[in-house]
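The values are calculated or read from the model by the stated rules, or taken from the named source; none is laboratory data. This one's a predicted model, so the numbers in the text were calculated from it and none came from an experiment. For neighbour counting, all protein chains shown are included, and Cβ atoms are generated from backbone atoms with ideal geometry for every residue, glycine included. For accessibility, only protein heavy atoms count, side chains too; no ligands or nucleic acids. Shrake-Rupley method; radii C 1.70, N 1.55, O 1.52, S 1.80 Å.
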Amino acid sequence: MGKINGSQAIIKCLQEEGVNTIFGFPGGAVIDLFDELMDSGIKNVLVRHEQGAVHAADGYARVTGEVGVALLTSGPGATNGVTGIATAYLDSIPIVVLTGQVPTALIGNDAFQEVDIVGITRPCTKHNYLVKDAKDLVPTLREAFHVARTGRPGPVLVDLPKDVVATMINFPERKPVRMQTYQPTYEPHMGQIEKACKTILGAKRPVLYVGGGVILSNANEELTELARRLDIPVTMTLMGLGGFPGTDPLSMGMLGMHGSYTANMAVSQCDVLIAVGARFDDRVTGRIDAFAPHAKIIHIDIDPTSISKNVKVDIPIVADCKHALTAMNTWLTQAKDLNEDEIKTKHEPWLATVNEWTEKHPMAYATDGEIIKPQYVIEMLSKLTGGDAIITTEVGQHQMWTAQFYKFNRPRRFITSGGLGTMGFGLPAAIGAKMAFPDELVIDVAGDGSIQMNIQELATAKQYGCPVKIAILNNNYLGMVRQWQELFYDKRYAGTVMEVTPDFVKLAEAYGAVGLRATKASEVEGVIKKALATDNLVIMDFTIAREEGVFPMVPAGKATTEMLLV
Amino acid sequence: MKHTLSVLLQNKPGVLSRVTGLFSGRGFNIESLSVAETLDASVSSLTLVTSGNDAIVEQITKQLHKLIDVIKVTDVSEGEFVEREMVLIRVKAESNTRAEVLRVIDIFRGKVVDVSPKSYTVEVTGSTTKIKAIIDILKPIGIKEIVRTGTIAMARASKS
Ligand SMILES: Cc1ncc(C[n+]2csc(CCOP(=O)(O)OP(=O)(O)O)c2C)c(N)n1
Ligand SMILES: [Mg+2]
C-alpha cells in the first residue's frame, strides 16, 4: 500500500477500532479530518456545542461499553469540551477525544485558536497525547483506544497539529498494543479471594456495596449470583444502579446522601461490607469514621488508588470486578463442607431486620391532590416503560428522584453524571445513547435549570432523527440548591429562583419537536403515554410541587444514620 | 514522616508536569525534587522528598504508579539508602573572614569553585543534614546566594 495522509490514517484507525459514529464540531484545525470523514462511512454527528459532543460520546460509551469518540477543533472547540472530559473522567467512562491543534511550527506562539489543551486536560484525562511527529500518529491513536478501554476506563485526549494530520505516511501494520508502563491487573490474588470468601461465610450481617465498577466490567450477573446464593442484601451507589436488579427482594436501593433508610442503616450495622467497584465517595460515606463502623471491609477494585483511599480496607482485592466475582463464585462452588442453605438460614434474622427497616421507612412520598409530585412522575415513567427504558438525567433533585423511584433492573440503563454532577449532561448523553441503540426508548429526566445548559442539542436530535423524550420536572427553581438553602440557610433562596423560564412547549415546537404539558396529577399518565406513542422528539413539561424535597437526606458531613426523613 | 521516593519515568515532554500536577492537584507535599536522565536516555530518574502519614504516602506511591509514563516507584526510605545533595553557596569572604571560611569549608570537605575580592563560591556535597549544618555555620558570616540541587537517593545494594 502506498502512502496516505494523516487524516486518512486517522479514519483507518477509527475503523480498526470498530468506531461507526463520532460526535464533532468543525473548525480550521480539523477541516481536513471532516473532509475525509465525509466519505468514510463513519457517521459524523454534528452537535451544536462541543460540550454536547463529548457528553454524547460519553452517553454512547455508557450504554454500549465501547469507546465513544468526539472530534473537536483547536482552541475554543477544545476548551468547550473540557467539562465533558472531566465528566467522563470522574465516572471512568472510556472515550477518545480528538482535538485539532495549530501546526507544530506555531505551537507556543499564541497562534490563532491555540491553547495548550494537553496541559489543560492533564488532570482530567486518564492520559493524553500531543502528536508532534506524523510517524507517531497511528501508534498513538491505537494506544489511546487501548488506554481508554482497559483497566479502569477513562477519557483519553489526542491533540493533532494540522501539519501532522496533513503529512503523508505509511500506515503501519496492526499489532496488539503493548505498553511497558501500563499493565492493569485483571486477575485477583487467589489467597485474597479465599480470605474474602471465608470472611463472608463467617458473617452474620453482610452487605454488598456495589458501584459503577460492576457495570463497567459487565459483572452484574456474577454479582447477582453471589448475592442470591448466600442471601446477601445489596445496596448500590448512584453509579451502580442497575448492577443488581432493583426489584429483587435483596435490593436495598441506593445508599448515601439520598439513599434509602434501609441501605444506610444496613451499612451502619453490618459486620462484613463487600465493596465491589465502588470508591467510598463522600456522598456515599457521610462522616467517614461513622461509615460501616462494625464491619470488616472487603474491597474489590481494578484501581489500587481507590483502595484504602478514604476508608481503611481489611481485605483488598486488586482486580477486574468480573474476574474477582467469578473467582469468588468458583471458590464457593468448590468449597468442601459448604452448605449454602445453612448460610442462608444464618442470614435470615439479618434479612428480617433489613425488611423491618424498609417497612418502617419505605421509599415513599405524600400525595397532594392534583399537585404533581415529582416522585409520582418517575413512578409513572417506570411503570409505563416497564422499567426498561434507557434513562439519562441532568443533575439536581430530579436526578435523585429518578435514582430513588425508577426501578432499574439492568445495567447500562441509568446514564447519569455521578462524580462531577454535570448539569447539561442528560440531553446530549441521551442523543449518544439513542445513536447507539436507535430502537431503544431513551428518556432524559431533566430539571428546568439543567435542561437549559445544553438545550441547543435539540437541533442535533432533530437533525439526526433521534427522537429522545425529555421529561422536565419543572419546579422553577434550581431545586437541589434551593433544598439546601431551605434546610441550612434559613430559606434564603439566593440565586436559585428561575424568574424567567422559557415556555418549554413552544420551545419544543420551535425545534420541530412535540411539546406536552401536565399541570395536574391526573394529566401525568396521559402525557407520558402520548409522548411514548409519538415518533418525534418530545419535551414533556411537568409542573411539579415547587418546594418538594429529596428525602431521606444525610446532611453533608453527618453520619449516614443521621438521616432527615421528611 | 519524611519519605524519599525514587521514581523512574519515561523521558518524554510533559511527564514532569504530570508528576508535579499530581502533587499539587491532590494536595501532597513536595519538599524537594530532582530529575535527570539515566543511562538509558529514554528513561529519567526522579528523586522526590515528601512527607505525610503512612496512608498519605501509600496513596502518593499508588497515584504515581498510576501515571502511565511512570515505570517504577520505590520508597527508598523504607530500607537502607544513600542520599546526597549538592549546594553552591556564595559566602562573604573579606580579609577578616577568609581564613575562617576556608577552615569551615575544609571541615565539610567542600571546594571553593569561584573567588572574588569579596566572596567565595563554595561547593559542598552530602546528606541533607550536612548541608543544613554548613549553611547554619556560614550564615552568621554572611551568605549572599545559595542554590541547592535537592536530594538524590539510591537504595543500598543488598549485602548478600
Ligand atoms: C454545571 C453545573 N453548575 C452548577 C451545579 C450546581 N447544582 C447542582 S444541582 C443544581 C440545581 C439544578 O436545577 P434543576 O436542573 O432545575 O434541577 P432540580 O434540582 O430543580 O430538579 C445546581 C445549580 C451543577 N451541578 N452543575
Ligand atoms: Mg428545577
*Within the range B:29-52, can one find any residue that is within 14 Å of chain A (Cβ to nearest Cβ), surrounded by fewer than 18 Cβ atoms within 10 Å (Cβ to Cβ) and more than 30 Å from A:TYR129 (Cβ to Cβ)?*
yes
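Taking strands (runs of 3 or more DSSP E) that do not extend beyond the range A:57-171, which have at least 3 residues that are open to solvent by less than 10 Å² (accessible area, probe 1.4 Å), away from chain B (no Cβ under 14 Å) and at pLDDT 95 or above? Let's see the steps before the verdict.
Numbers: elements: A:68-72, A:95-101, A:127-130, A:155-161.
Qualifying strands (runs of 3 or more DSSP E): A:68-72, A:95-101.
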*When the range A:454-480 is examined, which residues are found to be open to solvent by 10 Å² or more (accessible area, probe 1.4 Å), in a helix (DSSP H, G or I) and either without any contact (Cβ under 8 Å) to a residue 40 or more places away in the chain or within 30 Å of A:ALA436 (Cα to Cα) (or both)?*
A:ALA459, A:LYS462, A:GLN463
*Give the residues of the range A:415-435 that are within 16 Å of ligand 2 (Cβ to nearest atom) and not hydroxyl-bearing (Ser, Thr, Tyr), sorted by residue number.*
A:GLY421, A:MET423, A:GLY424, A:PHE425, A:GLY426, A:LEU427
*Mind counting the residues in the range A:366-387 that are in contact (Cβ under 8 Å) with a residue 40 or more places away in the chain and away from ligand 2 (no atom under 16 Å from the Cβ)?*
10
*Residue check, A:ILE451 against (1) more than 15 Å from ligand 2 (Cβ to nearest atom); (2) open to solvent by less than 20 Å² (accessible area, probe 1.4 Å), all met but one. Which one?*
(1)
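Conditions tested, residue by residue: (1) within 15 Å of ligand 1 (Cβ to nearest atom); (2) within 14 Å of chain B (Cβ to nearest Cβ); (3) over 20 Å from A:GLY68 (Cα atoms); (4) of a type in the set (D, E, K, R).
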residue	(1), (2), (3), (4)
A:GLY424	yes, no, no, no
A:PHE437	no, no, no, no
A:GLU440	no, no, no, yes
A:ASP444	yes, no, no, yes
A:ASN454	yes, no, no, no
A:THR460	no, no, no, no
A:VAL468	no, no, no, no
*Within the bounds of the range A:186-205, is there any residue that is buried (at least 19 other Cβ atoms within 10 Å of the Cβ) and within 14 Å of chain B (Cβ to nearest Cβ)?*
no
*Scan the range A:380-404 for residues that are under 20 Å from A:ALA521 (Cβ atoms) and more than 13 Å from ligand 1 (Cβ to nearest atom) and jot them down.*
A:MET380, A:LEU381, A:SER382, A:LYS383, A:LEU384, A:THR385
*Hey, does the range A:515-528 have a residue that's assigned to a loop (DSSP other than H, G, I, E, B) and surrounded by 18 or more Cβ atoms within 10 Å (Cβ to Cβ)?*
no
*Got a sec? Which strands (runs of 3 or more DSSP E) wholly within the range B:96-160 have at least 2 residues that are free of Cβ contacts under 8 Å to residues at least 12 places away in the same chain and not basic (Lys, Arg)?*
B:111-116
